[in-house]
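This report refers to the structure that appears directly beneath it.
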Amino acid sequence: MTELSKKILEILPIGEPDDIDTLNDLSSIRNHAGSSAWCANQLGINTRDEDKFKPIRVTLANLANAGKIHRIKTDKNRFIYYKCNNELPVEIVTQDVASRMLVRSKKFFTKSANIDVFLDPDEMRVATLDIETSSLKADFGVILGACIHTYGTREKPIVFRTDLSVPDLFEAEIQTVTNIVDVMREYDGCLTFFGKLFDIPYLYTKCKMHDIDWMGKKKHLDLWFTTKRYIKASSRRLDQINQILQFKHPEYASKTRLGMKEWNGAAYGRSETDLDYIIDHCIKDVEITENVCNEYRDVLPDKVMRM
């Protein structure tokens, strides 16, 4: 039994919470008794310190998987943990489970991860990420929306959209960026297409501009570099890569087109209809990114490095 397991079992609330249905925003979930952030605060650990916060999330998940505690999934794809009674188990985990926890913790804190481990949802929690912006340069544009999906699962994608009713979009995107980074902190890695050169630098720049704490370093697989090395096509854009896949898989989603009408309509005309179209485009990009990852699995790098 690890010391961290003992401490977590001592502080966890007893009994299933009866207000799960009211937890409809990330802030209320993070502050709720039994959440990973709440446990960290109870133990005097800053959730922004990834080296100390991740072991708490790992321990909670493994205790739940071992049947020692219970968990409820909220609408925001976050978990609340609790105990059924006040009696602490004599033995928290078996030697086999403890061994797996040790191996898994090494995967989290190393600078790289084996590709099979990285893409196994039972081993690592990887976010497929895509953002939509009004400009290619973060100092002149705003983030209009984003989508995150947990790779390898049937979880619903998490969608973010900037509130167009706020007069100053620069101020409105603060909440959007904060929410994206808060969700990304819960993941062990990131899957993108051109994300190392666009999505991640854009988000990081926005965090600096708005004084938002960064999500920390994560292992990052950017499929653009794989297609650059192995695909000889007229273009390396995601749309072209997807069309290549559609020769074999016509059932794969097609990438929607975005033009001046949608970008100008959302950013300057404050059109919710145009923003809806942009968000739908973003969700499809995430789906296509995962299809590309699955289809080009045989040429992906052996190791995924931490960004």
### Message
As a quick test, which of the pairs Lys54/Lys303; Lys6/Lys196; Lys206/Lys232; Lys6/Lys303; Lys156/Lys196 have an alpha carbon distance above 32 angstrom in this structure?
### Response
Lys6/Lys196; Lys206/Lys232; Lys6/Lys303
### Query
³J(HN,Hα) across the stretch 113-127 via Karplus (A = 6.51, B = -1.76, C = 1.60, θ = phi - 60°), whole Hz, x for Gly/Pro?
9, 4, 4, 5, 6, 4, 9, 9, x, 7, 9, 9, 9, 10, 9
### Message
Below 8 Å, C-alpha to C-alpha, sequence gap of six or more: please give me the relative contact order for the stretch 166-307 in percent.
### Response
25 percent
### Task
Mind ranking 193-204, 269-280 by how tightly packed they are, going by the mean number of other C-beta atoms within 10 angstrom, highest first?
193-204, 269-280
### Query
List the aspartates and glutamates whose alpha-carbon lies under 13 Å from that of Lys68, not counting same-chain residues fewer than 8 positions away?
Glu10, Glu87, Glu91
### Task
Arrange the peptides 182-192, 212-222 so that the one whose residues have, on average, the most other Cβ atoms within 10 Å appears first.
182-192, 212-222
### Query
Taking the Cα-to-Cβ direction at Asp302 and at Phe247 and moving 7 Å from each Cα, how far apart do the two end points lie in nm?
3.0 nm
### Query
Which order do Val304, Val181 fall in if you start with the one that has the fewest other Cβ atoms within 10 Å?
Val181, Val304
#### Entry: Cα centroid of the stretch 165-192 to Cα centroid of the stretch 48-74, whole Å
23 Å
## Note on the structure
What helix-only [θ] at 222 nm does the chain give? Using -39500 (n - 2.57) per DSSP H run of at least 4, over all residues, to the nearest 500, the answer is -13500 deg cm²/dmol
#### Entry: For the stretch 140-221, convex hull of alpha carbons as volume per residue, Å³
95 Å³
### Task
Sort His149, His249 so the one with the fewest other Cβ atoms within 10 Å of its own Cβ comes first.
His249, His149
## Note on the structure
Among beta bridges assigned by DSSP with both residues in the chain, the antiparallel ones amount in percent, to the nearest 5, to 70 percent
### Summary
proj_area_mean for the stretch 117-305 (convex hull on C-alpha atoms), units nm², value 10.8 nm²
### Message
For the chain, what does the relative contact order come out to in percent, with C-alpha contacts under 8 Å and a separation of six or more?
### Response
17 percent
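Only the coordinates and a few stated rules stand behind these numbers; no lab work does. Values in this document were obtained by computation on a predicted structure and should not be read as measured data. With ideal geometry, Cβ positions are generated from the backbone for all residues, glycine too; neighbour counts draw on all protein chains shown.
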